[in-house]
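Let me begin by presenting the structure, written as structure tokens, before commenting on it.
The values are calculated or read from the model by the stated rules, or taken from the named source; none is laboratory data. No experiment lies behind these values; they were computed from the predicted model shown. Because the Cβ atoms are built from the backbone with ideal geometry, glycine has one as well, and the counts that use them run over all protein chains shown. For the accessible areas, the whole protein counts, side chains as well, though only heavy atoms, and no ligand, DNA or RNA atoms are used. Shrake-Rupley method; radii C 1.70, N 1.55, O 1.52, S 1.80 Å.
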Amino acid sequence: MAFSNDFLWGAAAASYQVEGAWNEDGKGLNIWDVTAKYGHIRYNETGEVSADHYHRMKEDVALMKKIGLRAYRFSVSWARVLPEGTGRINEKGLKFYSDLVDELISNGIEPLVTIFHWDYPYALECRGGWKNEESSDWFAEYTGVLVDALSDRVKYWMTFNEPQCALGISYQLGVFAPFQKCSPPEILQMGANMLLAHGKAVKVIRERSKQRAYISMAPYSSVFKPENDSKEAIDKAYDDTFRCSGANFCLSMSYWSDPIYLGHYPQSLLDEFGDLVPEFTDEQWKMISAPLDFYGTNIYYCAGYESKDGTYGSNRYMGCPHNALNWPITPEAMYWAPVYLYRRYKLPVMITENGMTEHDWVCLDGKVHDTYRIDFTHRYLKELSRAADEVPILGYMHWSVMDNFEWAEGYDERFGLIYVDYRTKERIIKDSAWWYKEVMDTNGSGL
Ligand code: BGC
């Protein structure tokens with residue numbers, strides 16, 4: 001059987017995308033709260049209220065149970081817990097996450113915590129953010145607060161969600177908050193501080209967790225699929241997948257994963273940027289590359305479908321299936337990414353996100369008939385099952401548990417298994433959620 005008996009079937013969401021309550025119960029501001037509303041987001045939408053999960057947490061967990069989730073991956077809003085980013089703890093904010101963990105566990109749902117999913121405290125941004133050499137210590141302090149409060153019940157920890165976006169899309173391309181365009185040397189310095197932050201956070205979790213912790217990062221996979229099944233084609237696609245070069249180097253997987261899992265920068269980065277790449281001491285390298293327990297990754301589509309200037313990439317063809325964000329639908333990503341990741345990093349893989357966005361609406365019968373999401377997930381899970389026959393896979397988190405704020409795209413496209421009417425906050429379980437329940441209940445045996 002492809003999926004192990006203890007396979008973690010779940011779904012995911014992130015604090016700023018679902019919580020709302022942006023200025024309640026002592027929460028501090030984050031960079032999205034402050035900068036998003038000034039013309040950067042479609043229709044000037046914000047996450048200020050969003051799905052209002054902060055106030056509807058119990059109702060949402062009850063829905064998660066109803067659709068059969070075994071696991072829920074959520075992120076913590078740093079500024080909700082530490083309003084100034086460091087120092088003073090906001091006990092009410094921390095209690096929200098502690099209550100969420102309790103609620104999940106009492107409903108038989110395993111909590112998976114992402115420490116940072118892009119909503120960086122504004123107070124720290126004002127102090128230079130990731131450019132400040134103290135930034136890794138700030139992250140370690142924040143991690144310690146979470147570990148002390150939650151690790152008696154939480155086993156699974158992910159330090160950064162898609163560090164590629166947290167750095168590249170936010171500070172290089174200027175498309176996500178705080179919408180900056182920094183130079184490559186600055187990006188390299190910030191990236192180094194983030195790698196150190198990861199390492200220090202792992203050390204804190206290992207030292208202070210009240211139970212055996214399972215730790216990873218969660219970068220996205222941009223995987224090339226081989227042109228045919230020859231060994232040469234498979235090796236070529238592998239090399240392309242892990243190449244780290246060009247102005248967008250920090251969007252590559254290996255920029256993050258080689259240091260963390262292999263203990264060095266990718267050679268292609270060193271060849272290109274030479275002395276501009278910040279050095280680490282041996283002790284820092286040891287911390288950055290301290291052993292992790294699995295390789296978490298978000299998988300949406302294969303690389304090579306879009307070129308940098310927004311024109312068709314070599315794999316794209318006219319009429320190529322794509323979602324509402326124009327992302328190609330390429331289920332093979334779900335086979336090749338785990339296979340290549342295991343080949344390089346030799347750790348079990350967890351799919352920390354995968355899903356499909358469309359312009360869902362409520363049909364005349366009051367239901368949401370999202371057949372395309374069912375077909376999408378079916379195709380991707382079939383490929384995952386193929387991969388699971390060859391490499392160890394720990395779990396699959398569908399993105400997303402409910403409709404939410406899709407960053408620069410606002411609320412136009414919907415990723416959820418559960419539909420949210422943003423005017424009334426009513427939730428409707430979509431057909432895809434019932435379909436997914438059957439998959440989870442049968443451990444994927446009918447795929
Ligand atoms: C992110 C999510 C996002 C999703 C769909 C990932 O890039 O982690 O926050 O909503 O993909 O774009």
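Going by a ≥ b ≥ c, the root eigenvalues of the Cα gyration tensor, does the range 261-340 fall in the rounded group (a/c under 1.5), the prolate group (a/b larger than b/c) or the oblate group? Since a/c reaches 1.5 but b/c is at least a/b, the shape of the range 261-340 is classed as oblate.
Among the protein heavy atoms of the range 311-447, carbon and sulfur supply 54% of the accessible surface, probe 1.4 Å, non-protein parts ignored.
Remark: the range 397-402, residue by residue, has Karplus-estimated 3J(HN,Hα) of 10, 6, 9, 10, 5, 9 Hz, where x stands for each Gly or Pro and the curve is 6.51 cos²θ - 1.76 cosθ + 1.60 at θ = phi - 60°.
Overall form of the chain: rounded. Here a/c, set by the Cα gyration tensor axes a ≥ b ≥ c, is under 1.5. When 167, 325 are compared by accessible surface with a 1.4 Å probe, the order from highest to lowest is 325, 167. For the range 11-24, the Karplus equation 6.51 cos²θ - 1.76 cosθ + 1.60, evaluated at θ = phi - 60°, returns couplings of 8, 10, 7, 9, 3, 5, 6, 10, 5, x, 6, 5, 9, 10 Hz by residue, with Gly and Pro reported as x. Ellipticity at 222 nm from helices only: DSSP H runs of n ≥ 4 in the chain, each -39500 (n - 2.57), divided by the residue count, give -10500 deg cm²/dmol. For the chain, averaging the sequence separation of C-alpha pairs within contact (under 8 Å, six or more residues apart) and dividing by the residue count gives a relative contact order of 18 percent. The distance separating the Cα centre of the range 180-244 from that of the range 42-77 comes to 27 Å.
If you take the Cα centroid of the range 246-305 and the Cα centroid of the range 391-447, the two points sit 30 Å apart. Highest GNM mean-square fluctuation among 331, 321, 121, for the chain modelled with Cα contacts below 10 Å: 321. Listed by chain and number, the aspartates and glutamates placed with their C-alpha closer than 13 angstrom to that of residue 131 are 186; residues fewer than eight positions away on the same chain are left out.
In the chain, the DSSP beta bridges split such that about 20 percent are antiparallel, to the nearest 5. For the range 245-296, just say rounded, prolate or oblate: build the C-alpha gyration tensor, square-root its eigenvalues into a ≥ b ≥ c, call rounded for a/c under 1.5, and beyond that prolate if a/b exceeds b/c, oblate if not. Note, shape of the range 245-296 comes out oblate. Counting only heavy atoms of the protein chains and using a 1.4 Å probe, residue 243 has close to 120 Å² of accessible surface. Ordered by 1.4 Å accessible area with all protein chains kept, 261, 436 run largest first as 261, 436.
Electrostatic tally near residue 68: other residues with Cβ closer than 12 Å to its Cβ, Lys and Arg +1, Asp and Glu -1, net +2. Mind checking which aspartates and glutamates have their Cα closer than 14 Å to the Cα of residue 66? Skip sequence neighbours fewer than 8 apart in that chain. Straight-distance partners of residue 66: 103, 431, 438, 441. Among 112, 276, 341, the residue with the largest mean-square fluctuation in a Gaussian network model of the chain, with springs joining Cα atoms closer than 10 Å, is 276.
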